[in-house]
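Undergrad: Mind looking over this structure? Questions follow.
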């Protein structure tokens, strides 16, 4: 229900089926407050049984003053923005800095501008569904619609806010757990075997620290941030292993007005990403050559200098151009590694751990897409059973 004394505007959709209550803010922006057939009804004080009036006399004890509002009623006057800000403060030091920045951006870019002014007890499922659909179709600065992933991430933050509010005694105004965003699968770019061979020959004939980094990613599946943070001390030649326990990324800064972004080196995004990867024999030989001259970061050979992810992306684009290969992003090296492993009948559990996936299903859903040729080969295996009269 909506409080009295404020200017509300009632809009009805083209079919006259839904009512949307909106309010014009001081800056002229129209803010959605609620939707649904009962959305425009004003809040009324609950009617209880009539109480007979007590006549006070000079000798009568003074009646205790009744509190203006109970704590439960006070909670109902809170807005979504209030719970959202409290939740953000609550989780600030429980998550990685980059994760906090991501949550901050989603909250202040989409959730609070659209839903922040809505009273907690007025929220309903239709309002959230409408918000979700509008973000998908007309969200963003250009109002051209946000990606399915961004909307899904925004809904994930909203569900976390609801969970925080519930943990702190707020009654749930509606259930949004089942509101989902359909994600369209992205085309996964992978180097063909011919392109991979061409890139390998170019990197071997143009040996630099950055070329070595590209080779490592192509034959181990390391992520961009992981190769940027990799140091020579993380490579064990006695065990023939690469230890992955750091990643590098550029993130926004919220507490330093003097700069907008900064580079951070942190543990990988999940526990499963901390891993050790056996090095292929040919790559070991390349790494071992001249290793005594190298120290610090693999991409620079120095302790006091590194190559940040954006610079490595730009370098990779130049390498592709000089090698005569079409444009792909750096992450395609990881996709290429995984695809080649699947083509060679790699054990999926082993591949999943090498890639640092949280579970095997991620590997299966992302990379195991058998070609028609592979299906034919598998079906031909049945011929052996038919040949022996099965």
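Undergrad: Can you name every one of the helices (runs of 4 or more DSSP H) wholly within region 295-378 that holds 3 or more residues which are farther than 23 Å from residue 275 by Cβ, at pLDDT 90 or above and in contact with a helix residue (DSSP H, G or I) (Cβ under 7 Å, 6 or more places away or on another chain)?
TA: The helices (runs of 4 or more DSSP H) meeting that bar are 309-323.
Undergrad: Would you confirm whether any residue within region 194-207 is at positive phi and in a loop (DSSP other than H, G, I, E, B)?
TA: no
Undergrad: Filter region 232-249 down to the residues that are surrounded by 17 or more Cβ atoms within 10 Å (Cβ to Cβ) and in a strand (DSSP E or B) and list them by number.
TA: The answer is 235, 242, 244, 247, 248, 249.
Undergrad: Now a separate question. Looking for something surrounded by 17 or more Cβ atoms within 10 Å (Cβ to Cβ) and more than 19 Å from the chain's Cα centre (by Cα) - is there at least one such residue anywhere in region 265-277?
TA: Looking through region 265-277, at least one residue is surrounded by 17 or more Cβ atoms within 10 Å (Cβ to Cβ) and more than 19 Å from the chain's Cα centre (by Cα).
Undergrad: Next up: What is the one condition in (1) part of a loop (DSSP other than H, G, I, E, B); (2) in contact with a strand residue (DSSP E or B) (Cβ under 8 Å, 6 or more places away or on another chain) that residue 255 does not satisfy?
TA: Checking residue 255 against (1) part of a loop (DSSP other than H, G, I, E, B); (2) in contact with a strand residue (DSSP E or B) (Cβ under 8 Å, 6 or more places away or on another chain), the one that fails is (2).
Undergrad: Within region 80-110, count every residue that is over 26 Å from residue 138 (Cβ atoms), out of contact with any strand residue (DSSP E or B) (no Cβ under 6 Å at 6 or more places or on another chain) and in a helix (DSSP H, G or I).
TA: Adding up the residues that qualify gives 9.
Undergrad: Does any residue of region 106-124 turn out to be closer than 22 Å to residue 362 by Cβ and either under 16 Å from the mean Cα position of the chain (by Cα) or buried (at least 17 other Cβ atoms within 10 Å of the Cβ) (or both)?
TA: Checking region 106-124: not a single residue is closer than 22 Å to residue 362 by Cβ and either under 16 Å from the mean Cα position of the chain (by Cα) or buried (at least 17 other Cβ atoms within 10 Å of the Cβ) (or both).
Undergrad: How about region 118-146: which of its residues are touching a helix residue (DSSP H, G or I) at 6+ places or on another chain (Cβ under 7 Å), closer than 18 Å to residue 178 by Cβ and assigned to a loop (DSSP other than H, G, I, E, B)?
TA: 123 - this is the single residue of region 118-146 that is touching a helix residue (DSSP H, G or I) at 6+ places or on another chain (Cβ under 7 Å), closer than 18 Å to residue 178 by Cβ and assigned to a loop (DSSP other than H, G, I, E, B).
Undergrad: Right, another one. Quick one: residue 284 ticks every box in (1) part of a loop (DSSP other than H, G, I, E, B); (2) under 24 Å from residue 356 (Cβ atoms) except a single one, so which number is it?
TA: (1)
The values are calculated or read from the model by the stated rules, or taken from the named source; none is laboratory data. As the structure is a computational prediction, the values presented were derived from the model and not from experiment. Don't worry about glycine lacking a Cβ; one is built from the backbone with ideal geometry, like all the others, and counts go over all protein chains shown.
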